[in-house]
Amino acid sequence: MNLLRIVVLSLAGIVAAPAWSQAYPSKPVRVVVTFPPGGTPDIYGRIMAAELAKAWNQSVVVENRTGAGGTIGTDSVAKSAPDGYMLLFAADASITIAPHLYSKLPYDPVRDFAPIVNVAAGPFVMLAHPSFPANNVAEMIALARANPGKYSYASSGAGGQQHLAMETVRSMTGIDLVHIPYKGFGQGIADVLANQVPLIFGGITASISLIKAGKVKGLGVTSPQRSKALPDVPAIAETLPGFDIQAWYGFMAPAGTPRDIVLKIHDDVVTIIKRPDFQERLAKDAIEPVANSPEAFAAQIKTDLGRWAKVVKAAGAKLD
């Protein structure tokens, strides 16, 4: 009888384990986006939240918790309960770049998070007001060299990829541009459109419609090759060999989140990513699907931490 009881209890445990994930989510889920509305992280954070809400038949609410290069919102998730009800739709800025910009972060990007899935990745585009004299990166560099300190550029905030992308151009060429940080891409691009600031880097998703509408002109993309969505915009690498800066966007949970919940979120997100209509949306926005495993995502984060350490050092950027 004792042996039978042990067997029965063991089987009950096996059955109970998946039941936890099957019951998830039983209440609204919050997804923290660490940048303001208007940029690629917010666009795809909201798309994914809406799709998961349909898949789960449960409310999935996006919260924009901005500031300090995304570190404020990232820290709020790191310190939340590890139960799957508060997730981070991470842009790599606060995970793989911030550790090299700040002497002390309130969170550890490896220790304090459970990577779930990298959803997608894509380049940035150097944008200019239509009246800006240069029409490509090579012309911009020549113009800046002839007029040191005359031209400025906006960014979504000090230490973000938009800032570091231009600082990398500066470090590779020696040109002198004035950095004007804003609280998000939306504010920065507004001043570029108003011709208050001539230059800004934008995520490719947000940039395509602006370029096609003639509101700005694209000087160069940060991927090694030209984007199929913007074939007439040169890759910066055509002028500066080796230039390659791209961003990723993915789901992470607080460390300690039950493995079965992590896997359920992963599997449901991957199902969405693999749908033909979602693939078409990614292609339209010039974003590449990733859909990797939690283990592969964790390995990618460690690799990117090393890569960005070199970029930040070369740019001489520091936020404290």
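Return only the number of the condition from (1) surrounded by fewer than 24 Cβ atoms within 10 Å (Cβ to Cβ); (2) closer than 28 Å to D304 by Cα that G149 does not satisfy.
Among (1) surrounded by fewer than 24 Cβ atoms within 10 Å (Cβ to Cβ); (2) closer than 28 Å to D304 by Cα, the lone unmet condition for G149 is (2).
Across the range 208-262, what is the total count of residues that are in contact with a Ser or Thr (Cβ under 8 Å, 6 or more places away or on another chain), among the β-branched types (V, I, T) and at pLDDT 95 or above?
Residues meeting the conditions: 5.
Under the condition of being within 21 Å of the chain's Cα centre (by Cα) and among the charged types (D, E, K, R), which residue from the range 185-242 is nearest to D285 (Cα to Cα)?
K228
Can you tell me which residue among A190, A206 is on the phi < 0 side of the Ramachandran plot, open to solvent by 20 Å² or more (accessible area, probe 1.4 Å) and of a type in the set (A, V, I, L, M, F, W, C)?
Residue meeting the stated conditions: A190.
For the range 135-156, check the following and say yes or no: at least one residue is in contact with a Lys or Arg (Cβ under 7 Å, 6 or more places away or on another chain) and at pLDDT 95 or above.
yes
Select from the range 66-85 the residues that are open to solvent by 10 Å² or more (accessible area, probe 1.4 Å), at pLDDT 95 or above and outside any helix (DSSP H, G or I) and list them in ascending order.
K79, S80, A81, P82, D83, Y85
Out of all the residues in the range 110-123, is one or more in contact with a Pro (Cβ under 8 Å, 6 or more places away or on another chain), part of a strand (DSSP E or B) and under 25 Å from Y153 (Cβ atoms)?
No; the residues of the range 110-123 include none that is in contact with a Pro (Cβ under 8 Å, 6 or more places away or on another chain), part of a strand (DSSP E or B) and under 25 Å from Y153 (Cβ atoms).
Results for (1) outside any loop (DSSP other than H, G, I, E, B); (2) touching a helix residue (DSSP H, G or I) at 6+ places or on another chain (Cβ under 7 Å), shown as yes or no for each residue.
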residue	(1), (2)
T168	yes, yes
D191	yes, no
I200	yes, yes
G214	no, no
R226	no, no
D232	no, no
D260	yes, yes
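Please give the number of the condition K104 fails out of (1) open to solvent by less than 10 Å² (accessible area, probe 1.4 Å); (2) under 16 Å from L305 (Cα atoms).
(1)
Go through the range 31-69 residue by residue and tally those that are of a type in the set (K, R) and within 18 Å of the chain's Cα centre (by Cα).
Looking only at that region, the number is 2.
With respect to G186, determine if the residue is touching a Pro at 6+ places or on another chain (Cβ under 8 Å), farther than 20 Å from T96 by Cβ and not in a loop (DSSP other than H, G, I, E, B).
Against the criterion (touching a Pro at 6+ places or on another chain (Cβ under 8 Å), farther than 20 Å from T96 by Cβ and not in a loop (DSSP other than H, G, I, E, B)), G186 qualifies.
Could you grab the pairs with beta carbons closer than 7 Å, sequence gap of 6+ or different chains, first residue in the range 174-187 and open to solvent by 40 Å² or more (accessible area, probe 1.4 Å), second one assigned to a loop (DSSP other than H, G, I, E, B) and modelled with pLDDT of 95 or more?
Hits for this filter: D176/P148; D176/G149; V178/G149; I180/V197.
May I ask you to say which residue of P115, P36, P99 is out of contact with any strand residue (DSSP E or B) (no Cβ under 9 Å at 6 or more places or on another chain) and either open to solvent by less than 30 Å² (accessible area, probe 1.4 Å) or more than 27 Å from Q225 (Cα to Cα) (or both)?
P99
Does A50 meet the test of being aliphatic (A, V, I, L, M), surrounded by fewer than 17 Cβ atoms within 10 Å (Cβ to Cβ), part of a loop (DSSP other than H, G, I, E, B) and modelled with pLDDT of 95 or more?
no
Tell me which residues, restricted to the range 231-246, are in contact with a strand residue (DSSP E or B) (Cβ under 6 Å, 6 or more places away or on another chain) and open to solvent by less than 50 Å² (accessible area, probe 1.4 Å).
Scanning the range 231-246 gives V233, P234, A235, I236.
Assuming I265 fulfils every condition listed in (1) open to solvent by 40 Å² or more (accessible area, probe 1.4 Å); (2) over 16 Å from M126 (Cβ atoms); (3) within 21 Å of the chain's Cα centre (by Cα) apart from one, which condition is it?
The number of the failed condition is (1).
The values are calculated or read from the model by the stated rules, or taken from the named source; none is laboratory data. Keep in mind that what you see is a predicted model, and the values were worked out from it rather than measured. So basically every Cβ, Gly included, is an ideal-geometry build from the backbone, and we count neighbours across all protein chains shown. SASA here: full protein model, heavy atoms, side chains in, ligands and nucleic acids out. Shrake-Rupley method; radii C 1.70, N 1.55, O 1.52, S 1.80 Å.
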